[in-house]
1. For the chain, modelled as a GNM with alpha-carbon contacts under 10 angstrom, which of Glu331, Glu293, Glu137 fluctuates the most?
2. Can you give me the distance in nm between label points at Asn252 and Arg239, each placed 7 Å from the Cα along the Cα-to-Cβ direction?
3. Ranking request for peptides 107-114, 125-132: highest mean number of other beta-carbon atoms within 10 Å first, then the rest in descending order.
4. Spin-label point model (7 Å from Cα, Cβ direction): what's the Arg299 to Ser133 distance in nm?
5. For a footprinting-style exposure proxy, rank Ile187, Ile269, Ile290 by other Cβ within 10 Å, fewest first.
6. Any chance you could give the angle, 0 to 90 degrees and rounded to 10, that helix 3-28 forms with the longest Cα principal axis of the chain?
7. Based on the alpha-carbon gyration tensor of the range 272-320 and its eigenvalue square roots a ≥ b ≥ c, which shape applies: rounded if a/c is under 1.5, prolate if not and a/b is larger than b/c, or oblate?
8. Using the count of nearby Cβ atoms within 10 Å as a rough guide to exposure, how do Thr159, Thr49 rank from fewest to most?
Amino acid sequence: MNIIKIRNFCLILMACAVLTNCSSDEEEELIGNWTYLGAFDGAARGDATGFVIGDTAYICLGYNNLAKGLSDLWRYNPTDKTWKQRADFPGVARYAAVSFSVGGKAYVGLGYDGKTALKDFWEYDPKRNTWDSITSEFPGVARYYAVGEAVGSKGYVGTGYDGGSTLKDFYSFTPGNTPGSGTWTPISSYEGAKRMGASVFVIGNYLYLLGGTTNDGNPTDMQRYDPSRNGWEKILDLRNTDLTSDDDKYDNIPRSYACTFVVNGKGYITLGQKTAALSSTYEYDPGTKIWTERTPFSRSTRSYAVSFALQNRGFLMTGRSSSTRFDDFFEFHPTETNNEYDD
């Protein structure tokens, strides 16, 4: 082979290598763009709770950098991107509470005041900007790090920690016609392991639950609750069950104290912790029952943050890492290409 042919052959090999590397880089590029929105107007905090009513979002409670429980309530308007403080929560200042919204009102309860697990619930009416104590007592034991969400016209609350044991019982709440009224009803307990710090989201008429922590670590089951039949169904096992397959890509999904939200009929989970703090973000498609990795959160990793969805995008704010409490605020666009200058 003469020198010219050898040179051409080497150039072809180099071009193939470049094309292969470019193709690999393109294949590894993840979809989803995180945008930094600035600082939240309230105090930095961890273990707060949040809810959405109509086209506005709210955050309340938690505890600050002085490890002091908070009672303030803030409303976020995504149209003009402003925060406004609303009526303080009238119950005991607390953190690790749950919340859900039904029929234009929010319901906030349970939690921990630094000494005692709590079980009271309160109703917030945004039109009157007032709180009313729920007269019907929560039928389960006092607890914190439970989960709460609404499906249709009812709220659902379950799992958590009572100060000595993790829990798996669940209850539904049907609001009444007058302020502070409503009825609690025991429903089928979660069919997986007892846990605290789990994650939930609602797609369609189903409540999905995964993750959390037990004495054995992070449970790997993912189940959904169907209110129409009062039953749980296991959807996925989020771990490598077959060493010959690639399902080990799900190993990083089970986590505790994470953030979830739903955009365009798909569920998202990000942040939280496993053996260490996590920044990875995953998208769940209920049609295919497949999780797909998306662009990871690029700022400080944390747990115990607040998340919600508005106007076809997700939002994430506050949280804590060790002794640090955060007041930063972020937006996630699930279908956009990542722009490193946005975050």
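1. Glu137
2. Reported label-point gap for Asn252 and Arg239 is 1.9 nm.
3. 107-114, 125-132
4. Label at Arg299, label at Ser133, 3.8 nm between them.
5. Details: Ile187 19, Ile269 26, Ile290 11.
Arranged by neighbour count, lowest to highest, Ile187, Ile269, Ile290 become Ile290, Ile187, Ile269.
6. Value to nearest ten degrees: 10.
7. Note, shape of the range 272-320 comes out oblate.
8. With the sparsest Cβ surroundings first, the list reads Thr49, Thr159.
Any read-out appearing in this document is the output of simple, stated calculations on the displayed coordinates, not a laboratory observation. No experiment lies behind these values; they were computed from the predicted model shown. Every residue, glycine among them, receives a Cβ derived from its backbone with ideal geometry; neighbour counts consider all protein chains shown.
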